[in-house]
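This report refers to the structure that appears directly beneath it.
The values are calculated or read from the model by the stated rules, or taken from the named source; none is laboratory data. A quick note: this is a predicted structure, and the numbers were derived from the prediction, not measured. All Cβ positions, even for glycine, are placed from backbone atoms using ideal geometry, and neighbour counts span all protein chains on display. Please note that ligands, DNA and RNA were not included when accessible areas were found on the heavy atoms of the full protein model with its side chains. Shrake-Rupley method; radii C 1.70, N 1.55, O 1.52, S 1.80 Å.
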Amino acid sequence: MTRPDLLARLHASRLARDQAGLLRRLRTVDERTGAIRRVDGRQLIDFCSNDYLGLASHPDLIDALGTAAARDGVGSGAAHLVSGHHREHAALEEELADWTGRERALLFSTGIMANLGVMQALFNAGTPPGRNTALCVQDRLNHASLIDGAQLSGSRLLRYAHADADAARQALRANEGQAALLATDGVFSMDGDVAPLTALARVCKDEGALLYVDDAHGLGVLGVAGAGSLTEAGVSPADAPLMMGTLGKALGCAGAFVAGPADVIDGILQFARTYVYTTALPPALAAATRAAVRLARLDPEGRRERLCAHVARFRQGAKAIGLPLMPSRTAIQPLMLGDADRAMAVAAALDAQGYLVTAIRAPTVPPGSARLRITLSAAHTNVQIDGLLGALAAACPASPGGA
Ligand SMILES: Cc1ncc(COP(=O)(O)O)c(C=O)c1O
């Protein structure tokens, strides 16, 4: 019997991507300290990481990791529900719940797994396969893991126009009587803008939908004590019962958590397959993350303020040289270039000047909206930011209607 050849199909897709100039390539970092990376024997200043507070190489985290690894070993050895749940995990969960003002938090190994797991639990528990009529209403620009989470859960995915709370309301109104989750990024990962959380919370309240906020890029950066975009918007846990945060971005570690009412979190623990069937994060990493939470929360070194000052300096400098930055007040400051080849060329020119800014192209962003996703970190210095602006001015001559 002949069948279509899966390997040939993959090969053809890869070739098509290559011919469209959209092939993705790995670059290997040999060493990193703060914002500096050594790549291919050259030092580059990284302006595209998510280490917004510069905590990834903080001595407190490194000490906590080493001390805990010396005591508890490296791997957790098992899934949480088997024998992998360590007191460092439990303590971290308590501290994350306290920080975000929720009853309970549950650790996941990655943000993607958290989003897939939450949707599995909410949409699949108690629903016979193929009988799922629940709705998942999402911002068009949500992160891939939210979109995939909805699709894999078998819920009906409806995507509304970006940051348009009225469009979200219409989508819900048109499907009255069906269970619904409204999921949004708190800070949009490729655009850097903040979701209209107050308006979305209102819509959810009026329309009887459950609000779920993925605060991967808000936690540690926005709101009082860095508690995230919901805190900044003044949306209470009663109005946004479930939130997700990642530990590999502003916290400089790895992993993620979901936080909410204790009984809801226990429900997620029961039914999220990406929680149940995977090895727990290393306990030493949980210990390092506890150190990161303390630093992010209390901010004794004024890192959040430094980051804010860097964002203001970069935007002012970009305006002065006419760079068309997108309207963002967060650490994510994308420069829209449109054409993928142009984005690659500008990234290469920056690289030649010692700046690492990876071009973001389709399918990560819609075709024709390739960009440089420039990110700022408290680990940067003013001199480095001014240097990047100088390199951008040379690589990317001013276009009308800039920043
Ligand atoms: C909004 C958003 N959610 C989820 C994730 C996934 O998080 P993780 O890298 O921990 O899998 C990311 C980042 O990559 C993200 O930007």
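Taking only the Cα atoms of region 159-314, the ratio Rg/Rh comes out at 0.99, with Rh defined as the Kirkwood radius. Once C-alpha pairs closer than 8 Å and six or more residues apart are averaged by separation and normalised to the residue number of the chain, the relative contact order reads 22 percent. Three principal axis extents of region 277-344 based on alpha-carbon atoms, in descending order, are 47, 35, 16 Å.
Pull up the DSSP beta bridges for region 59-298 and report the antiparallel fraction as a percent, rounded to 5.
Working: 11 of 28 bridges.
Roughly 40 percent of the beta bridges in region 59-298 run antiparallel, per DSSP.
Within the accessible surface of region 59-298, defined with a 1.4 Å probe on protein heavy atoms only, the carbon and sulfur portion equals 53 percent. Kindly identify region 166-218 as rounded, prolate or oblate by the Cα gyration tensor criterion: order the square roots of the eigenvalues as a ≥ b ≥ c, call it rounded if a/c is under 1.5, otherwise compare a/b with b/c, prolate if a/b is larger, else oblate. Judged from the Cα gyration tensor, region 166-218 comes out prolate (a/c at least 1.5, a/b above b/c). Scaled against 2.2 N^0.38 Å for its residue count N, the alpha carbon radius of gyration of region 1-68 is 1.83. Geometric descriptor of region 59-298, per residue, is 106 Å³ (volume of the convex hull of the Cα atoms). Loop-located trypsin sites (Lys or Arg not before Pro) in region 99-133 (DSSP state other than H, G, I, E, B) with a sparse environment of at most 15 neighbouring Cβ atoms within 10 Å: ARG131. By accessible area, using a 1.4 Å probe on protein heavy atoms only, region 309-403 has 60% of its surface on carbon and sulfur.
Order of 255-261, 56-62, 329-335 by packing, highest average Cβ count within 10 Å first?
255-261, 329-335, 56-62
Shape call for region 199-270 from the C-alpha gyration tensor, a ≥ b ≥ c root eigenvalues: rounded (a/c under 1.5), prolate (a/b greater than b/c) or oblate? The shape class here is oblate.
Let me have the 222 nm mean residue ellipticity of the chain computed from DSSP H runs of 4+ only, each contributing -39500 (n - 2.57), with the sum over all residues rounded to the nearest 500.
Rounded to the nearest 500, it is -12500 deg cm²/dmol.
Computed from Cα atoms alone, the Kirkwood hydrodynamic radius reported for region 96-182 is 14.0 Å. Which shape class, rounded, prolate or oblate, goes with the chain when its Cα gyration tensor gives a ≥ b ≥ c as root eigenvalues, a/c under 1.5 marks rounded, and past that a/b bigger than b/c marks prolate? Rounded is the answer for the chain, as its axis ratio a/c remains below 1.5. Listed peptides 245-254, 109-118 appear in the order 245-254, 109-118 once ranked by packing, highest mean of other Cβ atoms within 10 Å at the front. Solvent-accessible area per residue in the chain equals 45 Å², computed with a 1.4 angstrom probe and all protein chains kept. Free of any GluC sites (Glu not before Pro) that DSSP assigns to a loop and that have at most 15 other C-beta atoms within 10 Å, the longest stretch within the chain is 177-300.
Mind telling me which of ARG140, ARG38, ARG27 comes out most flexible in a GNM of the chain, alpha-carbon contacts under 10 Å? Ranking ARG140, ARG38, ARG27 by mean-square fluctuation puts ARG27 first.
Once each part is reduced to its C-alpha centroid, what is the distance from region 187-208 to region 113-169 in angstrom? Comparing the Cα centres of region 187-208 and region 113-169, I get a distance of 15 Å. Dimensions of region 279-403 based on its C-alpha atoms, expressed as ranges along the principal axes with the largest first, amount to 48, 34, 27 Å.
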